[in-house]
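Report on one structure; see the data block that follows.
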Amino acid sequence: MFLRRTLLCLALATATPAFAADISFWDTPQRGGNSFNENPPDRAYFQALRDTGATWVRLSPDKWKSAGGRDFLMGDADHYQGLVPADVATLRRALDDANASGLKVVLVPLSLPLLRWKQKNNDVVDQRLWQSMDNHLPAQRFWHDLATALKGHPALAAYNLINEPAPEYGTALAEHASRAAMQQWYASVEDGPRDLRALYRGLIASVRAVDADMPLMLDAGWYAAADAFDYWPAPLDDTKLLYSVHMYEPYAATSAPNQKRATPYRYPATVPFGSGKQRWDASRVRSYLQQPMDWAKTHGMGANRMVIGEFGCMRRWPDCAAYLRDVLAVAEQQQVHWAFYAFREDGWDGMDYELGDKALPGSYWQAVEKGGVVQPPRSMQAPLFAPILQRLKDGVR
């Protein structure tokens, strides 16, 4: 019996997949979804996402209620003193549930010390992090502490060091400026507090001090815009980095404010973009997303180090399905990693594609008003979810 048990243990050990922190997980295209929920997801949630064919989830815990202050994990982003132990335990339970379902996790904070997420900062953009190099230090301590606390957890496939940074905000550099204008701006801030590359170098060093293996995902500037790597003179000096962009362009058409217009912008169509107007269609989606790919190729990086970390559109927008298909077609053609926004978000239904393109029924809102815990009428067979589900299923063949 002892020999049989020993042989079984050896067999199980041999069958265990590579540790999640191995960069080889990212050598082939990985498809997944975003989880930005207000409550910690449970195992059933992660299992439902895994059942679509998704292999990873981009998980942000910032909306979860902290046991130790205003900001989850940090306690207080204004005065970071260390991780909140109870919050770490809550996060570890969620990671355990994701691991049990077979999903890999990319952990992404929406806030850092001295950089509180706008929606938790009275809708004010917090620029303190970008005002001095000393203000980078609490963020470095936070990532050192978090990497120490979570080191070795089998669910983790990467740390996405900060969601949608925007050191360019409030400066003379406009969103979607020309490459020349971006490069000129970067030359004026390089090695200073608004140098995103400098911030990342400090955060990377903090993680690497305790974890040499964990892949690290870096969002581009200007809220992870696909054209914002244009000013980076080179990738950073670390062999286990992934570079991520988000895709909601043209934002004037895909976003919530468009739904309130008397005549919403359509797709394909000519819509506001940058300082003017452009026609957006499948070709323009392709050329826009080609920009980070060209940047990567110029510097000798393969598509397997590039990520579309978020993409989506308002589900009630009549052109959402067409837009999703066009973005997914490019992602698949380029063989980059991707994660749609969002999977079964519990505080906002705007991009919950399993709900289809219609308003939620009055009975749902009545139940919510009465304080009931009620699930909205989701269906994986919803036509709006079909473009995403098909690509997820294709990935497991």
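For the stretch 360-381, how many residues are touching an Asp or Glu at 6+ places or on another chain (Cβ under 7 Å), within 15 Å of Trp348 (Cα to Cα) and hydrophobic (A, V, I, L, M, F, W, C)?
Total meeting the criteria: 1.
Just name the residue that is farthest from Val106 (Cα to Cα) out of those in the stretch 128-144 that are under 21 Å from the mean Cα position of the chain (by Cα) and open to solvent by 40 Å² or more (accessible area, probe 1.4 Å).
Ranking the qualifying residues of the stretch 128-144, first place goes to Gln140.
Being assigned to a loop (DSSP other than H, G, I, E, B), open to solvent by 10 Å² or more (accessible area, probe 1.4 Å) and over 30 Å from Ala212 (Cα atoms) is the filter here, so list the residues in the stretch 237-266 that pass it.
Tyr248, Glu249, Arg261, Ala262, Thr263, Pro264, Tyr265, Arg266
Within the set of pairs 6 or more residues apart or between chains, which connect a residue that is open to solvent by 20 Å² or more (accessible area, probe 1.4 Å) inside the stretch 206-231 to a residue that is assigned to a loop (DSSP other than H, G, I, E, B) and not aliphatic (A, V, I, L, M) with Cβ atoms less than 6 Å apart?
Filtered contacts from the stretch 206-231: Trp222/Glu168; Trp222/Glu175; Tyr223/Glu164.
Could you check how many residues of the stretch 301-321 are over 22 Å from Trp348 (Cα atoms) and either part of a loop (DSSP other than H, G, I, E, B) or open to solvent by 10 Å² or more (accessible area, probe 1.4 Å) (or both)?
Result for the stretch 301-321: 5.
Is it the case, given these coordinates, that His153 is open to solvent by 60 Å² or more (accessible area, probe 1.4 Å), touching a helix residue (DSSP H, G or I) at 6+ places or on another chain (Cβ under 9 Å) and not β-branched (Val, Ile, Thr)?
Criteria not met by His153.
Please give the number of the condition Gln335 fails out of (1) polar (S, T, N, Q); (2) touching a residue at least 60 places away in the same chain (Cβ under 8 Å); (3) surrounded by 15 or more Cβ atoms within 10 Å (Cβ to Cβ).
For Gln335, the exception is condition (3).
Tally time: how many residues in the stretch 71-91 are loosely packed, with under 14 Cβ neighbours inside 10 Å and either over 22 Å from Arg128 (Cα atoms) or touching a residue at least 40 places away in the same chain (Cβ under 8 Å) (or both)?
4
Is there a residue in the stretch 171-185 that is touching a residue at least 40 places away in the same chain (Cβ under 8 Å), surrounded by 20 or more Cβ atoms within 10 Å (Cβ to Cβ) and part of a helix (DSSP H, G or I)?
Yes, the conditions are met somewhere in the stretch 171-185.
The values are calculated or read from the model by the stated rules, or taken from the named source; none is laboratory data. Not measured: the values here are computed from a predicted model. Note that we place each Cβ from the backbone using ideal geometry, even for glycine, and neighbour counts take in every protein chain shown. Remember, those area values only see protein heavy atoms, side chains included, never the ligands or the DNA or RNA. Shrake-Rupley method; radii C 1.70, N 1.55, O 1.52, S 1.80 Å.
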